[in-house]
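A short reminder: the numbers here are calculations on the coordinates, not readings from a lab. Quick caveat: nothing in here was measured; it's all calculated off a predicted structure. Here the Cβ positions follow ideal geometry from the backbone for every residue, glycine too, while neighbour counts run over all protein chains shown.
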Amino acid sequence: MTDTIMIPDLKGKRALVTGSTMGIGAAVAKALAAHGASVAINGATHAERGQAIVDDIRRAGGTAELVMGDLSKRGEPEKVVAAVADAFSGLDILINNAGGIINRTLIGDITDDFFDQVLDLNIRALVMTTKASAAQFRKNETGGVIINTTSIAARNGGGPGGSLYASSKAFISNFTRSMARELAPDNIRVNAISPGTVATETNLKYHTPEMLERTRLTIPMQRVGVEEDCIGTYLYLASESLSGYVTGQVIELNGGQIM
Ligand code: NAD
């Protein structure tokens, strides 16, 4: 993002972006830092890329920490949130972005282990990271903000072999509404962003060029998204001044692919 209008109330906010060593999370984490937030980069893979993001932010005068951790493992969300809160003396913003399809698997091939893997990553990790972060936000006079990354798959059932992924994202969309209601008295806003097709490295791994082209033709804006397309909506929801009265919403971010 260049020539950006600064969002003043993000300055000094302490943010954890899960799954931010690459892809959408990395783009959002860099943008938060550019607006003056302290940012914790997290991931289960690509630590060297995460460190490079941290180094860039620090070189530009910002504050960043790399807190690696596989959030799908029991106990890890609590450890990651505690490490971030220790490093920044608290937490204001949680972006629950880590997630993925793991494999395209049709119903006949779904095993108990695969079921656990997909749901542990997309659901349990997000629930436990939310729980640990809400406890941190309650210590703040100003509460906190949670933004969950769901998916267009939550509404359309996903692509071939993506049933568990799509269903776990539907859980996230609804969990967002439950948490918005439950945490509102603590001054914690909870919203979700539902990207359509964003050409991240991982997305390109699971889509052939033919699949992507077929998808492109279904998008009124006639192009698939790129990571930068996502940034503004995350910043909007993170900012009290821009979205302070918005909670419990799932914002579709897809070039019109689903309206
Ligand atoms: P990506 O694969 O590029 O990046 C994933 C990040 O999550 C990496 O940093 C990785 O290390 C981290 N991660 C993976 N498993 C983890 C775990 N167990 N614990 C902690 N971190 C973990 O992802 P992306 O394509 O940028 O997607 C980001 C989010 O957006 C995901 O939740 C994805 O489901 C969702 N989404 C993506 C698209 C798309 O088209 N790319 C569309 C809809 C929704």
Global geometry of the range 1-126, whether rounded, prolate or oblate, following the gyration tensor of its Cα atoms and the 1.5 cut on a/c: prolate
Net +/- balance of residues flanking MET128 in space, Cβ distance below 15 Å, scoring K and R +1, D and E -1: 0
Residue-count net charge about LEU10 - beta-carbon cut-off 10 Å; Lys, Arg +1, Asp, Glu -1: -1
Segment ARG59-THR45, length gained on full extension (0.36 nm per residue, minus Cα span): 2.7 nm
Over the chain: Rg over Rh, Cα atoms, Kirkwood Rh: 0.95
Charge-dipole axis of the chain as Lys and Arg at +1 and Asp and Glu at -1 on Cβ define it, positive-most pick from ILE152, THR105, ILE24: ILE152
At least 24 Å along the helix axis (C-alpha) and Kyte average at least -0.5, DSSP helices within the chain: 163-183
Sparse-neighbourhood loop sites, trypsin sites (Lys or Arg not before Pro) in the range 162-253 - DSSP loop, at most 14 other Cβ within 10 angstrom: ARG223
Theoretical ellipticity at 222 nm over the chain - DSSP helices of four or more residues, -39500 (n - 2.57) apiece, nearest 500: -13000 deg cm²/dmol
Label-point gap, in nm, between ASP113 and LEU242 - each point 7 angstrom along Cα→Cβ: 4.3
Computed magnitude of the charge dipole of the chain (debye, nearest 20; Cβ of K, R +1, Cβ of D, E -1): 340
Loop-located chymotrypsin sites (Phe, Trp or Tyr not before Pro) in the range 167-259, at most 14 other Cβ atoms within 10 Å (DSSP): TYR245
